[in-house]
Amino acid sequence: MSESTPAPDRRNFLAKAAAVVVGGLISVVAPVAGLFTLLDPLRRKTDTRGLVRVASLASLATDGQPRKFPVLDTLVDAWNKTENVPVGSVYLQRTGDATVRVLNSVCPHLGCSVGYNASTHGYFCPCHRSSFTLDGAIADPKSPSPRGMDELEAVVRDGEVWVRFQNFRKGSPDKIAV
Ligand code: FES
């Protein structure tokens, strides 16, 4: 036996020590990875509630006609960061030199996509015929929607419209964030 070859007892000890170390690492890493997976939806929800740049102020009509825009956000989880993910859409309506009204395009009744009708200057949901005024209020009292369209917080910064995008519980008279 050469001097550099460990004795059998020493080899056994090293193999057992390595097994203990690797086993210990796996027992720590696996639960942590599982926890990240479990919390992933919560992390994504939190990220989609930040301010998101939606459009330039200059792209909005100055006569008060709203325009629909997709909302693209960056989603982050434990392993991935995905940019430009569609998370919804909004109507932007210029209400002043640097002020904008933002309405979530989802119908508060059951979640269909609300359309804008330029000839009536109002919003209309084709699913169950709810109608809304330009500021999002219910236009026709026979509308089944339990509340008006959901207005979102927005800021205009350096000529860009930034929106705090949120969805709200459908079918409820109260505006409850989900
Ligand atoms: S989903 Fe819009 S009226 Fe029912």
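Do we have any residue at all in segment 136-143 that's in the same structural domain as LEU75 (by TED's automatic domain parsing), open to solvent by less than 60 Å² (accessible area, probe 1.4 Å) and under 17 Å from VAL71 (Cβ atoms)? Looking through segment 136-143, at least one residue is in the same structural domain as LEU75 (by TED's automatic domain parsing), open to solvent by less than 60 Å² (accessible area, probe 1.4 Å) and under 17 Å from VAL71 (Cβ atoms).
Tell me which residues, restricted to segment 56-110, are within 16 Å of the ligand (Cβ to nearest atom), open to solvent by less than 80 Å² (accessible area, probe 1.4 Å) and not aliphatic (A, V, I, L, M).
Narrowing segment 56-110 to residues within 16 Å of the ligand (Cβ to nearest atom): 68, 88-89, 91, 103-110.
Filter again for open to solvent by less than 80 Å² (accessible area, probe 1.4 Å), leaving 88-89, 91, 103-109.
Those that are within 16 Å of the ligand (Cβ to nearest atom), open to solvent by less than 80 Å² (accessible area, probe 1.4 Å) and not aliphatic (A, V, I, L, M): GLY88, SER89, TYR91, ASN104, SER105, CYS107, PRO108, HIS109.
Between VAL155, VAL178, VAL163, the distinction of being crowded, with 20+ Cβ neighbours inside 10 Å and under 28 Å from ARG53 (Cβ atoms) belongs to VAL163 only. For ASN117, are the conditions met, namely being out of contact with any His (no Cβ under 9 Å at 6 or more places or on another chain), of a type outside the set (Val, Ile, Thr) and without any contact (Cβ under 8 Å) to a residue 40 or more places away in the chain? So ASN117 passes the test. Would you check which residues across segment 111-120 are open to solvent by 30 Å² or more (accessible area, probe 1.4 Å) and of a type in the set (A, V, I, L, M) and list them? Scanning segment 111-120 gives a single hit, ALA118.
The values are calculated or read from the model by the stated rules, or taken from the named source; none is laboratory data. The structure displayed is predicted, hence computed values, not measured ones. Neighbour counts are summed over all protein chains in view; Cβ atoms, including those assigned to glycine, are modelled from backbone coordinates with ideal geometry. Note: areas computed on protein heavy atoms with side chains; ligands, DNA, RNA excluded. Shrake-Rupley method; radii C 1.70, N 1.55, O 1.52, S 1.80 Å.
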